[in-house]
Amino acid sequence: MADEMEMGMWTIHVDTMFWSISLGMLFCGLFFVGARNLTAGVPGTFQNILETAVEFVEDNIQQVFGNRPNAVIGPLSLTILVWVFLMNLMDLIPVDFIPQFAMWIGIEHFKVVATTDPNATLGMSLGVFFLVVYYSIKINGPIGFLTSKFTHPIAHPAAYPFNFILEMVDLIAKPLSHGLRLFGNMYAGEMIFILIAALIPFYLQWALSLPWAIFHILIISLQAFVFMILTIVYLNQAHDSGDH
């Protein structure tokens with residue numbers, strides 16, 4: 001397996017694709033099994049965990065998005081929360097375990113944490129961005145969508161060029177900041193693990209790696225939540241865009 005596969009002008013990071021797809025399938029499998037074994041009686045630990053995740057997502061959607069009819073935002077938000085969390089969770093595996101195993105079977109480079117690849121995080125954020133544009137156009141119509149870019153925030157003809165530039169910057173900045181925030185935080189966390197492993201003797205690594213791993217549990221959970229809540233906020237803004 002190569003780290004990158006060239007396809008004309010496109011470059012596919014095989015490691016990122018492998019881990020993101022594998023963890024996405026794991027997410028689907030876990031919830032499929034949970035749904036098949038759902039009981040109305042006393043739930044087990046596994047069912048409690050899945051129900052907690054679903055209720056947590058529903059509560060956040062209710063607080064931000066309200067009761068607007070939308071069949072996409074619930075499954076999308078749950079998928080983002082759990083999928084990004086699982087990808088982030090791979091950062092807690094010691095940095096040399098899986099790559100060392102990969103070297104034994106002939107793979108020279110093997111990147112485990114998909115969210116430390118900007119191609120993955122920006123890909124997800126662009127997916128959200130296209131949904132935002134789609135719902136903005138669906139709700140306001142193409143003319144209303146374009147008109148809002150000229151008339152907000154200052155509804156005066158003299159300010160239309162300024163409004164358009166400001167709105168375009170805001171529109172482009174959303175997917176960039178959405179994806180780069182996740183990438184930056186996860187990449188920095190992985191680099192600290194690598195520095196600990198590279199610069200500190202093996203018998204002393206636990207003194208720093210263990211506290212950082214415990215703290216990193218908060219980071220990986222928080223970043224999954226932030227990516228999900230920003231998705232809900234952006235979709236909420238797309239539905240509110242006609243209020244300008």
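Just to be sure before I move on: is PHE129 at pLDDT 90 or above, assigned to a helix (DSSP H, G or I), in contact with a Lys or Arg (Cβ under 8 Å, 6 or more places away or on another chain) and more than 30 Å from PHE202 (Cβ to Cβ) in the structure I sent? Judged against the criteria, PHE129 is a match. Would you pick out the residues in the range 57-77 that are touching a residue at least 12 places away in the same chain (Cβ under 8 Å), within 24 Å of LEU222 (Cβ to Cβ) and open to solvent by 30 Å² or more (accessible area, probe 1.4 Å)? Those that are touching a residue at least 12 places away in the same chain (Cβ under 8 Å), within 24 Å of LEU222 (Cβ to Cβ) and open to solvent by 30 Å² or more (accessible area, probe 1.4 Å): GLU58, VAL64, LEU76.
Residue by residue, here is whether (1) part of a loop (DSSP other than H, G, I, E, B); (2) within 28 Å of ASN140 (Cβ to Cβ); (3) open to solvent by 30 Å² or more (accessible area, probe 1.4 Å) holds:
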residue	(1), (2), (3)
PRO153	yes, yes, yes
LYS174	no, yes, yes
LEU182	no, no, no
TYR187	no, no, yes
ILE194	no, no, yes
TYR203	no, no, yes
LEU210	no, no, yes
GLN223	no, no, no
LEU235	no, yes, no
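Being closer than 30 Å to VAL113 by Cα, touching a residue at least 24 places away in the same chain (Cβ under 8 Å) and not polar (S, T, N, Q) is a property that LEU176 has. Residue pairs whose Cβ atoms lie under 6 Å apart, separated by 6 or more positions or on different chains, with the first residue in the range 185-200 and at pLDDT below 85 and the second open to solvent by 70 Å² or more (accessible area, probe 1.4 Å), are ILE196/LEU208. Kindly list, by first and then second residue, each pair from a residue in the range 33-56 that is open to solvent by 100 Å² or more (accessible area, probe 1.4 Å) to a residue that is modelled with pLDDT of 90 or more and of a type in the set (S, T, N, Q), limited to pairs with Cβ atoms under 7 Å and residues at least 6 apart or on different chains. Filtered contacts from the range 33-56: LEU38/GLN47. Just one residue in the set SER136, SER148 is open to solvent by less than 20 Å² (accessible area, probe 1.4 Å) and modelled with pLDDT under 90; that residue is SER148. From the list MET5, MET1, MET17, MET90, the one residue that fits, being surrounded by fewer than 13 Cβ atoms within 10 Å (Cβ to Cβ), of a type outside the set (Lys, Arg) and either in contact with a helix residue (DSSP H, G or I) (Cβ under 8 Å, 6 or more places away or on another chain) or modelled with pLDDT under 95 (or both), is MET5.
The values are calculated or read from the model by the stated rules, or taken from the named source; none is laboratory data. Model, not experiment: these values are computed from the prediction. So basically every Cβ, Gly included, is an ideal-geometry build from the backbone, and we count neighbours across all protein chains shown. Surface areas here come from the heavy atoms of the whole protein model, side chains and all, with no ligands, DNA or RNA. Shrake-Rupley method; radii C 1.70, N 1.55, O 1.52, S 1.80 Å.
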